[in-house]
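A quick write-up on the structure given underneath.
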Amino acid sequence: MKRLLLILILMVVAGSAAAEVRVVATVPNMGMLVETVGGDAVHVTVLAPPDRDAHYLEARPSMMAALRRADLVVAVGAELEVGWLPAALQGAHNPGVQVGRQGYFEGAAHTTLIQVGGAADRALGDVHPAGNPHYYFDPLRMAEVAEALAARLSELAPQHADRFHANADEFAEQAREHVERMQARTEGAPGAVFYHKDVDYLAELLGVDILGYIEPLPGIPPTARHLSELVGSLRGSEGVILYADFQPSRGPEFVARELGWSQQQLPNQVDIGADSEAYFELINRWTEALVP
Amino acid sequence: MRTVWILALTAVFASGSVVAEKPTLEELMRKIEALEERDRERQERIERLETELRATQAVEEEGEAVDERPAPAPAATGTGPQADPLDPTPARMRARSMGTGEVTSGTAFNPAISVILDGTYAHFSDHIDDPAGFDSGHSHGHGHGGHGISEGFNLREAELTFTGSVDPYFDMMVTAGITANDIELEEAYITTRGLPAGLQAKAGKFLSDVGYINKQHIHDWFFVDQPWMRELMFGDEGLNEVGVQLSWLAPFDTYTRFGLEVLEGTSSGVASYIGDGRHEMVTVLPGEDNQPIRNRWRADKNLRDRDGPRLFTGFVKWAPDLGFDHAIQLGAFGGVSQVWQDETAHSSGRLETWDGDSQFIGADLVYKYGRGGLMGHGNFVLQAEYVYRERDVEYQSRQFTDFSNLALTGPSDDPDRRDQTWKQDAFYLQGVYGFAPRWNAGLRIDGAGLTNRAYNDGTDSVGRRGMRDDLDASWRYTGQVTFAPTEFSRLRGQVSYNDIAGGHDAWQFMLQYNMSLGVHGAHAF
């Protein structure tokens with residue numbers, strides 16, 4: 001009996017010592033960052049599939065079940081997940097990961113956002129007065145978030161702190177190298193038309209002009225009038241049209257046909273479980289696509 | 001001597017304060033040095049990042065002004081806990097800069113506010129009867145208030161919702177429905193934020209978590225009106241009660257939630273409560289020389305008094321993970337009310353009363369499919385719920401025999417005091433499909449009284465009242481088409497055919513707009 005108890009205690013102690021930090025990432029790009037920084041010391045669950053627009057998900061019970069047992073939730077933030085994450089958190093019955101607690105991490109709070117402010121008027125579409133939340137298209141900003149994430153993970157698992165910081169530093173180093181190369185590659189790129197404001201960070205980083213958007217207003221599907229105006233204003237100039245895999249292709253195809261430009265549909269997120277290499281590969285695909 | 005004392009005291013105080021201050025000063029100096037060191041490190045880091053940023057922007061053309069202002073507190077949640085004192089990330093706490101240039105945290109601490117406006121136009125081919133056995137006929141008073149729709153234009157309500165965090169321990173939500181001449185508190189409750197072990201408590205006035213559609217508001221419905229099940233089994237406002245709820249989310253891989261509710265017990269369908277009181281009637285009869293003479297009739301109703309809580313409910317919800325495209329949730333629930341009472345006063349001076357208790361049991365199913373199509377395109381939602389209800393009551397039909405006495409009506413050998421066991425049920429099944437971006441169409445079938453053991457309040461061949469009367473089921477078939485330009489607005493058209501047992505069949509035609517303003521909270525599943 002005593003021995004049994006001892007074994008049981010040992011098992012519990014061993015179990016807690018080897019315990020990973022259970023992290024729930026909202027989208028695969030954030031999941032990638034957690035895997036990169038956390039390595040073996042974290043177990044990551046991703047709530048959204050890569051081929052979905054994270055603006056328009058719905059809170060599902062399985063999200064709540066995952067959040068119930070999480071030590072840390074890692075969100076993009078800046079209201080990207082506002083349509084479903086609050087409901088999922090509310091239903092999770094887990095005080096540790098509520099907004100404001102140690103277990104809630106929002107990347108947007110740890111980097112600088114563009115397009116901050118602006119009128120909080122929905123007549124202007126699905127606006128984000130808190131700033132453009134798609135910073136995950138900027139490897140340098142992701143590196144900043146990685147450093148902050150390393151600090152947060154270190155609070156949760158101090159025994160791995162050195163490793164977390166080393167991993168974040170390595171990611172940052174890689175990000176700088178990639179960005180340098182990409183910037184050289186896109187020099188003289190003609191500019192691009194995007195579907196939504198989701199690639200703005202990359203365009204800004206690489207110094208590529210944004211010539212227009214397929215959407216007339218954020219979150220509002222393209223209208224014929226807007227598309228013909230867009231074509232009219234861009235006729236005779238050079239550029240490319242890029243959009244994400246979950247964005248409908250009819251509008252971009254129309255504009256590309258009218259202008260004689262190339263158009264390309266690319267993933268917005270890495271696959272679930274992907275590593276930083278896959279992330280840089282994804283950013284690189286967009287970069288290459290900016291150069292016709 | 002006095003001077004010496006004063007000097008001595010001054011010296012003591014002075015030395016005392018010096019002694020007390022000395023280590024504090026040193027500590028402060030150390031702290032300041034540490035802070036300065038940290039500040040230097042941060043400054044260096046900022047400069048390094050700025051240099052990098054300048055380098056990356058060097059290739060950028062002119063005119064592309066880059067807004068490098070730090071983000072104001074990103075309001076991450078629709079439920080409002082934006083400003084939490086336990087926030088470890090100071091960026092979230094930064095005060096918002098107001099339009100006038102002042103910096104204030106005013107807006108950041110205010111609750112999230114939303115206003116939802118709902119209006120309808122309705123046309124019916126005939127009077128819409130209540131399904132047989134559900135004619136709420138025992139209380140002619142309450143009719144169809146609440147969300148009932150009448151013919152012509154209706155502004156159903158402007159629903160005003162405030163949500164926010166009270167402190168690190170509680171969230172609060174208050175929803176008021178404002179109609180043309182009334183303000184009704186629809187829900188007002190607090191929920192806990194910090195209970196351990198997956199527990200959450202709720203207290204206040206709230207829509208019970210039994211079933212699926214019961215706790216939804218008009219804005220969440222896929223149809224203009226609510227299913228019969230919610231309206232007929234629970235009440236016009238559903239099961240909306242004052243009380244407390246405790247729920248537990250089990251730490252399983254599969255979502256499993258259990259809940260118990262202790263409620264006051266006032267909902268008309270399962271827990272209506274009157275309590276004892278006097279039945280009163282005033283008549284004016286001609287006396288001598290046709291002078292009007294007023295008579296007051298007064299007698300005890302003899303209904304049971306019982307303080308709340310009287311209604312106890314429980315539920316379980318289970319939702320296996322079916323991947324990203326599919327979601328399903330199954331639920332079972334039940335409730336027991338210690339009291340169910342009703343009365344009907346007739347102008348003849350006859351009083352009918354029902355006094356007993358009631359129980360209900362039910363099941364619910366929701367299945368959602370979504371492949372991430374544009375604006376709901378290709379999404380499908382299947383929803384079904386069933387509720388069975390039993391009421392064990394004592395029925396009495398009594399009549400004034402003089403100004404202060406009620407006596408049972410009916411044959412003298414079998415007067416109208418009868419035990420009744422009402423057994424009734426209702427269900428709905430609906431499917432809604434997003435047939436194009438922004439558009440969805442849905443079909444719903446409502447059934448009420450598939451089991452329909454009711455009791456008649458008319459007289460039988462030997463003059464007895466309150467005798468058993470097994471009634472037929474009533475059916476309603478509804479189709480709707482919705483156009484939702486954005487997630488904040490929707491326009492809907494709906495047609496229903498009512499196949500009412502013991503009443504007219506009738507068509508209903510309805511148009512609806514439902515718009516929301518302000519912070520639009522995330523939808524629960």
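Name the one entry in B:356, B:370, B:378 that is within 14 Å of another protein chain (Cβ to nearest Cβ) and in contact with a Lys or Arg (Cβ under 7 Å, 6 or more places away or on another chain). Quick ask: steps written out before the conclusion?
Working: B:356 fails: within 14 Å of another protein chain (Cβ to nearest Cβ); B:370 fails: in contact with a Lys or Arg (Cβ under 7 Å, 6 or more places away or on another chain).
From the options B:356, B:370, B:378, the qualifying one is B:378.
Here is a list: B:506, B:436. Which entry is farther than 30 Å from residue A:89 by Cα and within 14 Å of chain A (Cβ to nearest Cβ)? Spell out how you get there, then give the answer.
Working: B:506 fails: within 14 Å of chain A (Cβ to nearest Cβ).
Sole residue among the options that is farther than 30 Å from residue A:89 by Cα and within 14 Å of chain A (Cβ to nearest Cβ): B:436.
From the residues in the range A:69-95 that are at the interface with chain B (Cβ under 9 Å from one of its Cβ atoms) and touching a Gly at 6+ places or on another chain (Cβ under 6 Å), which one is surrounded by the most Cβ atoms within 10 Å (Cβ to Cβ)?
The qualifying residue surrounded by the most Cβ atoms within 10 Å (Cβ to Cβ) is A:77.
Say whether the condition of being within 11 Å of chain A (Cβ to nearest Cβ) and either on the phi < 0 side of the Ramachandran plot or part of a loop (DSSP other than H, G, I, E, B) (or both) is met by at least one residue in the range B:149-162.
Going through the range B:149-162, the residues within 11 Å of chain A (Cβ to nearest Cβ) turn out to be none.
Checking the range B:149-162: not a single residue is within 11 Å of chain A (Cβ to nearest Cβ) and either on the phi < 0 side of the Ramachandran plot or part of a loop (DSSP other than H, G, I, E, B) (or both).
So, of the residues in the range B:181-212 that are more than 14 Å from every other protein chain (Cβ to nearest Cβ) and touching a Lys or Arg at 6+ places or on another chain (Cβ under 9 Å), which turns out to be nearest to residue B:428 (Cα to Cα)?
B:211
All but one of (1) out of contact with any Lys or Arg (no Cβ under 9 Å at 6 or more places or on another chain); (2) within 14 Å of chain A (Cβ to nearest Cβ); (3) surrounded by 21 or more Cβ atoms within 10 Å (Cβ to Cβ) hold for residue B:254; which doesn't?
The failed condition is (3).
So, residue B:491, is that one under 15 Å from residue B:221 (Cα atoms), hydrophobic (A, V, I, L, M, F, W, C) and assigned to a strand (DSSP E or B) or not? Spell out the reasoning first.
Numbers: under 15 Å from residue B:221 (Cα atoms): yes; hydrophobic (A, V, I, L, M, F, W, C): yes; assigned to a strand (DSSP E or B): yes.
Taking the combined requirement at face value, the residue satisfies it.
For the range A:169-281, give me every one of the strands (runs of 3 or more DSSP E) that falls completely inside it and has 3 or more residues that are more than 14 Å from chain B (Cβ to nearest Cβ) and among the polar types (S, T, N, Q).
Fully inside the range A:169-281 and qualifying: A:262-266.
Would you confirm whether or not the range B:506-519 contains a residue that is part of a loop (DSSP other than H, G, I, E, B) and surrounded by fewer than 18 Cβ atoms within 10 Å (Cβ to Cβ)? Show your work before the answer.
Taking the range B:506-519 as the starting set, the residues that turn out to be part of a loop (DSSP other than H, G, I, E, B) are B:519.
Filter once more, keeping what is surrounded by fewer than 18 Cβ atoms within 10 Å (Cβ to Cβ): none.
No, the range B:506-519 contains no residue that is part of a loop (DSSP other than H, G, I, E, B) and surrounded by fewer than 18 Cβ atoms within 10 Å (Cβ to Cβ).
Can you name the residue in the range B:388-404 that is hydroxyl-bearing (Ser, Thr, Tyr) and assigned to a strand (DSSP E or B) and is also modelled with the highest pLDDT among such residues?
Within the range B:388-404, the subset hydroxyl-bearing (Ser, Thr, Tyr) is B:388, B:395, B:397, B:401, B:404.
Subset that is assigned to a strand (DSSP E or B): B:388, B:395, B:397, B:401.
Numbers: B:388: 97, B:395: 94, B:397: 93, B:401: 88.
Residue satisfying both the conditions and the ranking: B:388.
Have a look at A:4, A:113 and point out the one that is more than 25 Å from residue B:322 (Cβ to Cβ), more than 8 Å from chain B (Cβ to nearest Cβ) and modelled with pLDDT under 90. Walk me through how you get there before you give the answer.
Working: A:113 fails: more than 8 Å from chain B (Cβ to nearest Cβ).
Only one candidate passes the filter, namely A:4.
If you scan the range B:405-450, which residues turn out to be closer than 26 Å to residue B:463 by Cβ and outside any strand (DSSP E or B)? I'd like the intermediate steps shown before the answer.
Kept after step one, since they are closer than 26 Å to residue B:463 by Cβ, are these residues of the range B:405-450: B:405-423.
Once the filter is applied, which keeps residues that are closer than 26 Å to residue B:463 by Cβ and outside any strand (DSSP E or B), the range B:405-450 yields B:409, B:410, B:411, B:412, B:413, B:414, B:415, B:416.
Which residues, taken from the range A:159-199, are charged (D, E, K, R) and crowded, with 20+ Cβ neighbours inside 10 Å? Before the answer, list the steps.
Restricting attention to the range A:159-199, the residues satisfying the condition of being charged (D, E, K, R) are A:162-163, A:169-170, A:173, A:176-177, A:180-181, A:185, A:187, A:197-198.
Within the range A:159-199, A:197, A:198 meet the criteria.
Please specify each residue of the range A:272-292 satisfying the condition of being crowded, with 17+ Cβ neighbours inside 10 Å and either under 23 Å from residue A:177 (Cα atoms) or touching a Phe, Trp or Tyr at 6+ places or on another chain (Cβ under 7 Å) (or both).
We begin by selecting, within the range A:272-292, every residue crowded, with 17+ Cβ neighbours inside 10 Å; these are A:272, A:274, A:276, A:279-280, A:282-283, A:286-287, A:289-290.
Listed by number, the residues that qualify are A:274, A:276, A:279, A:280, A:282, A:283, A:286, A:287, A:289, A:290.
Out of the range A:25-53, which residues are aliphatic (A, V, I, L, M) and within 13 Å of another protein chain (Cβ to nearest Cβ)? Lay out the reasoning, then the answer.
The first filter runs over the range A:25-53 and keeps only residues aliphatic (A, V, I, L, M), leaving A:25, A:27, A:30, A:32-34, A:37, A:41-42, A:44, A:46-48.
Residues satisfying the conditions are A:27, A:46, A:47, A:48.
Within the range B:199-212, does at least one residue satisfy the condition of being among the charged types (D, E, K, R), under 27 Å from residue B:473 (Cβ atoms) and part of a loop (DSSP other than H, G, I, E, B)? Reasoning before the result, please.
So the first thing to find is which residues in the range B:199-212 are among the charged types (D, E, K, R), and the list is B:202, B:205, B:209.
Filter once more, keeping what is under 27 Å from residue B:473 (Cβ atoms): none.
No, the conditions are met nowhere in the range B:199-212.
Out of the residues in the range A:121-140 that are within 10 Å of chain B (Cβ to nearest Cβ) and of a type in the set (A, V, I, L, M), which is nearest to residue A:55 (Cα to Cα)?
It comes out as A:130.
Given the conditions (1) over 29 Å from residue B:316 (Cβ atoms); (2) at pLDDT 90 or above; (3) more than 7 Å from chain B (Cβ to nearest Cβ); (4) surrounded by fewer than 24 Cβ atoms within 10 Å (Cβ to Cβ), report the number of the one that residue A:56 does not fulfil.
(2)
Of everything in the range A:141-158, what is surrounded by fewer than 24 Cβ atoms within 10 Å (Cβ to Cβ) and within 24 Å of residue A:55 (Cβ to Cβ)? Give them in sequence order.
A:141, A:144, A:148
Condition first: in contact (Cβ under 8 Å) with a residue 12 or more places away in the chain, farther than 25 Å from residue A:111 by Cβ and of a type in the set (Gly, Ala, Ser). Can you find one or more residues in the range A:198-211 that meet it?
First, pick out the residues of the range A:198-211 that are in contact (Cβ under 8 Å) with a residue 12 or more places away in the chain: A:198-211.
Then drop every residue that is not farther than 25 Å from residue A:111 by Cβ, which leaves A:211.
Add one more test, that the residue is of a type in the set (Gly, Ala, Ser), and what stays is none.
No - not one qualifying residue is present in the range A:198-211.
The values are calculated or read from the model by the stated rules, or taken from the named source; none is laboratory data. The shown structure was predicted, so the numbers you read here are calculated from the model rather than taken from an experiment. Glycine also receives a Cβ, built like all others from the backbone with ideal geometry; neighbour counts cover every protein chain displayed.
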